[in-house]
């Protein structure tokens, strides 16, 4: 080793990049810790309403999502511009919601089944009519724990 | 010398590239946003064929909030701005002066807090129209939850000197017993004939 050093004695030694992987790995772990896997690809446009009293959802694995909104532009031709429901990766009719919830629940661990939460992610311009219908079918499916997804508003109402 | 060359170190210059690749993969497939929301519990479904049971509740115990298709509020028969709802709801839930038009107060004994008069049987009934905007509905829900949270904070500060969220489990249960959250989302009604502009 000493010999090598002797040979390569230079005035401006190269910048050592040996710590670069470590730095990148650090980044990687940071991102793995703070982010979550994307649930689905959105086919409906959802911009959640805002509220100040929101709570964090604690258990993602026990949460199933129902998306409600107008179809994205690329689907507008096929599915029109009326508010639609999305379950998983596909558009769904209201009638499919009940069986979707029942199927998802029976796929769960038995201990977790009654802890299942259904999160309603609806666009803020959605009419309540469709949300009511969703609530009624969730009741029929005995999925009684629901969450209305909302973003936190920073300014508190005075 | 020859032997030393054989066990040369593994070239790790591509390590950074591999790590970068992984990093970019995670950046693409994950999302940062944590989901937040207002959690609610729906009532159990009615057995088929059964009608909605008539509400057997003392009229003074019920606080009716209606939202129409124009997102206007009718609170206890009065038109109201969303901003004023919180104060009104707090007044109703607390009934500080034992007003006969506000919910009945009953004396209960709650562990850690002791004897206290609470409005045990109050119900906030939230009714909405089919055309109500979701944002308006969430705003109203939010104000009602805020009313409860403020009241809970008040009592938590008074009894334990802490905010509600900082209480331990037993204390938090006690506070929740004082102000149980009772927001009922009524069975939807079909106001078939109601058109825009007819209030």
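Legend: mean number of C-beta atoms from other chains within 10 angstrom of residue C-beta atoms, peptide B:124-130, equals 2.
For the stretch A:69-147, rounded, prolate or oblate, judged on the Cα gyration tensor with a ≥ b ≥ c (square roots of eigenvalues), a/c < 1.5 rounded, else prolate if a/b > b/c? Verdict is prolate for the stretch A:69-147. Let me check against my output: what whole-number percent is the relative contact order of chain A, with C-alpha pairs under 8 Å and at least 6 apart? Once divided by the residue count of chain A, the mean separation gives 28 percent.
Inter-chain Cβ neighbour count for A:116-128, averaged per residue, equals 4 (cutoff 10 Å, partner chain atoms only). Ordering of A:88-97, B:171-180 by packing is B:171-180, A:88-97, highest average first (other Cβ atoms within 10 Å, averaged per residue). With the cut-off at 1.5 for a/c, could you classify the stretch B:34-178 from its C-alpha gyration tensor as rounded, prolate or oblate? Verdict is prolate for the stretch B:34-178. Most tightly packed first, judged by the mean number of other beta-carbon atoms within 10 Å of their residues, the peptides B:112-122, A:65-75, B:72-82 read A:65-75, B:112-122, B:72-82. Relative to the longest principal axis of the Cα atoms of chain A, helix A:94-106 runs at roughly 60 degrees.
In terms of other Cβ atoms within 10 Å, A:134, A:23, B:67 run from fewest to most in the order A:23, A:134, B:67.
Annotation: extensible slack from residue B:24 through residue B:91 equals 18.8 nm (criterion: 0.36 nm per residue apart, minus Cα-Cα distance).
Within the stretch B:59-185, DSSP assigns beta bridges of which about 55% are antiparallel (rounded to the nearest 5).
Pull out a ≥ b ≥ c, the square roots of the eigenvalues of the alpha-carbon gyration tensor of the stretch A:21-158, then state rounded if a/c is under 1.5, prolate if not and a/b is larger than b/c, and oblate in the remaining case. Rounded, since a/c falls under 1.5. Once the Cα atoms of helix A:20-34 and of chain A are each reduced to a long axis, what angle between those two axes, in degrees from 0 to 90 to the nearest 10, is obtained? The angle comes out near 20 degrees. The angle between the Cα long axis of helix A:128-140 and the longest principal axis of the Cα atoms of chain A comes to about 90 degrees, rounded to the nearest 10. Residue by residue along A:52-63, Cβ atoms of other protein chains within 10 Å of the local Cβ number 4 on average. Taking the average, over residues, of other Cβ atoms within 10 Å as the packing measure, peptides B:105-111, A:115-121, A:139-145 rank A:115-121, A:139-145, B:105-111 from highest down.
FYI, it's all coordinate maths here, none of it is from the lab. A quick note: this is a predicted structure, and the numbers were derived from the prediction, not measured. Note that each Cβ is placed from the backbone with ideal geometry, even for glycine, and that neighbours are counted across all protein chains shown.
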